[in-house]
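Here's the structure we're looking at; comments come further down.
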Amino acid sequence: MNSNPTVHSIDAVLVDLPTIRAHKLAMTTMMRQTLVIVRLTCSDGITGIGEATTIGGLAYGDQSPESIKSAIDVYIAPLLAGQDATRVNVAMKRLAASVQGNSFAKSAVEVALLDAQGQRLGLPVHALLGGAVRNALPVLWTLASGDASRDVDEALALMEARRHKVFKLKIGSHPLADDIAHVQAIRRGLGDDVMLTVDVNQAWDEPTAMRGIAALEAAGVGLIEQPVARRNRRALARLAARFDVAIMADEAVHDAIDAVDLAKDCAADVYALKISQAGGLWPTLRAAAVADAAGVGIYGGTLLEGSVGSIAAAHVFAACPTLAWGTELFGPLLLEDDVVVQRPEYRDFELQVPQTPGLGVQLDADKLAFYRRDRASQSVAVTA
Ligand code: MUC
Ligand code: MG
């Protein structure tokens, strides 16, 4: 008889946290972030944690925090209850057979299983993925206050503090001329030596992208992220073929199958990989393997996760054999507070990858109780 520990219960908690400032993207302006925190308890008493987080409810993608929680509560938790907690691949195969899509929920649950297994074996999650190739990850910062002079001041302070030296600008919500003027103002404020990238978040049609990318190249921008609609793969390919500046697919590349399709069309020079869009850490590694095989650069993307989700991503990007374009795992730094005991460590322009068993992140029970969306009903339940 198999005596391995089994999954006892899984719960998903919505947590609303304020951001340190407004964060303006083409499709939404964020004033707060909602995390879905997952706790997976096993029959041996070990609890693994995971997180699924998106941007702006349904503004960024087709899975909202509420739909992620409901997918876990109603469908995923019952499917995994009583299953072997140590065989992560078997558990995820079981989910794949009965749950279509829902990559965010699957990612959070896979991370929680890996966290539990790492704690059980006394190994960091990256060791379960084959081992870290690097112990710290370069992290850029997104300038997205909506105000160019404030953005310049913010970047100068962050360089001075040795926290970030590469900056991504969010454009696409204004007329092209205004967006280009915004990028040029930041370039003037920071000088020619600072690496700037832009993220258009799908906002342009192809003719606008033709003009926009030419102007951004002239302004010395080093990378253009998702200039056209996610599904307009042929336009992305034409742009990648036409311009020298690197073109990065983000919303267009979720998993290994997207990575194959984009590579077949030579549609992008770089892929932004995100654990939630891929459906977990192993699926992210599979997409990265396709990128490597196709000669496409890899960039560690974020959906502005908090500490749990960002550290889960850090484990997988630490284990990727190549990571030519660094990462943007700065999500925890955009939050005023978080629900963990110790927030991730950023030093010398890099995020330090935990070396302790599991994810190396512990939830803070008091903060979780304070920030959870349903705290009113929870305190009634406790005092009743
Ligand atoms: C995105 O599309 O890249 C990542 C950094 C940021 O500021 O927004 C996200 C989403
Ligand atoms: Mg992007």
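Nothing in this text is a laboratory measurement; each read-out follows from the coordinates by a stated rule. Everything quoted here is computed from the prediction, not taken from an experiment. Using ideal geometry, Cβ is built from the backbone for each residue, glycine included, and neighbour counts are taken over all protein chains shown.
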Item to check | Percent of alpha-carbon pairs separated by more than 16 Å within the stretch 214-307 | outcome: 50
Checklist entry - Relative to the first principal axis of the alpha-carbon coordinates of the chain, what is the inclination of helix 206-218, with its axis defined by its Cα atoms, in degrees from 0 to 90 and to the nearest 10? => result 70
Checklist entry - Where does helix 281-294 land angle-wise versus the long Cα axis of the chain, in degrees 0 to 90, nearest 10? => result 40
Checklist entry - DSSP beta bridges in the chain, what fraction antiparallel, as a percent rounded to 5? => result 55
Checklist entry - Could you give the nm distance between label points at residue 89 and residue 133, where each point is 7 Å from its Cα heading toward the beta carbon? => result 2.0
Next on the checklist: Sorted from largest to smallest, which semi-axis lengths in Å does the alpha carbon gyration tensor of the stretch 1-66 give for its equivalent ellipsoid, taking the root of 5 times each eigenvalue?
Outcome noted: 34, 12, 7
Checklist entry - How high is the relative contact order of the stretch 297-384, in percent, with contacts defined as C-alpha pairs under 8 Å that are six or more residues apart? => result 29
Checklist entry - If we sort 252-260, 350-358 on the protection proxy, mean other Cβ atoms within 10 Å, highest first, what's the order? => result 252-260, 350-358
Checklist entry - How much mean residue ellipticity at 222 nm does the chain get from its helices, if each DSSP H run of length 4 or more adds -39500 (n - 2.57) and you divide by all residues, to the nearest 500 deg cm²/dmol? => result -11500 deg cm²/dmol
Checklist entry - Just 45, 220, 279 to compare: in a GNM of the chain, with alpha carbon springs under 10 Å, which one fluctuates most? => result 45
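Would you mind checking the pairs 24/93; 93/367; 93/264; 93/165; 93/274 and listing those with alpha carbons more than 31 angstrom apart?
From 24/93; 93/367; 93/264; 93/165; 93/274, over 31 Å: 24/93; 93/367; 93/165.
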Checklist outcome for this item: The lysines whose Cα lies under 18 Å from the Cα of residue 69, excluding any fewer than 8 residues away in the same chain, are 106
Checklist entry - Cβ under 15 Å from residue 92's Cβ, residue 92 left aside: what net charge do those residues give with Lys, Arg +1 and Asp, Glu -1? => result +1
Checklist entry - log₁₀ I(q)/I(0) of the stretch 110-243 at q = 0.09, 0.21 Å⁻¹, via Debye over equal Cα point scatterers, no solvent, to two decimals? => result -0.39, -1.10
Checklist entry - If the chain between residue 185 and residue 345 were fully stretched, how many nm would it gain, using 0.36 nm times the residue separation less the Cα-Cα distance? => result 54.5 nm
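Please find the FRET efficiency linking residue 145 to residue 241, where r is the Cβ-Cβ separation and R0 is fixed at 41 Å, and quote it to the nearest 0.05.
0.75
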Checklist entry - What is the distance, in nm, between label points placed 7 Å from the Cα along the Cα-to-Cβ direction at residue 19 and at residue 31? => result 1.2
Item to check | Binned Cα-Cα distances of the chain, short to long, each 10 Å bin given as a whole percent | outcome: 5, 24, 34, 24, 10, 2, 0
Checklist entry - What value does the stretch 131-352 have for Rg/Rh, both radii from Cα atoms and Rh as Kirkwood defines it? => result 0.95
Next on the checklist: Can you say what percent of the DSSP beta bridges in the stretch 131-352, counting only those with both residues inside, are antiparallel? Round to 5.
Outcome noted: 20
Item to check | Loop trypsin sites (Lys or Arg not before Pro), the stretch 123-195 (other Cβ atoms within 10 Å of the site Cβ: 12 or fewer; DSSP) | outcome: 162
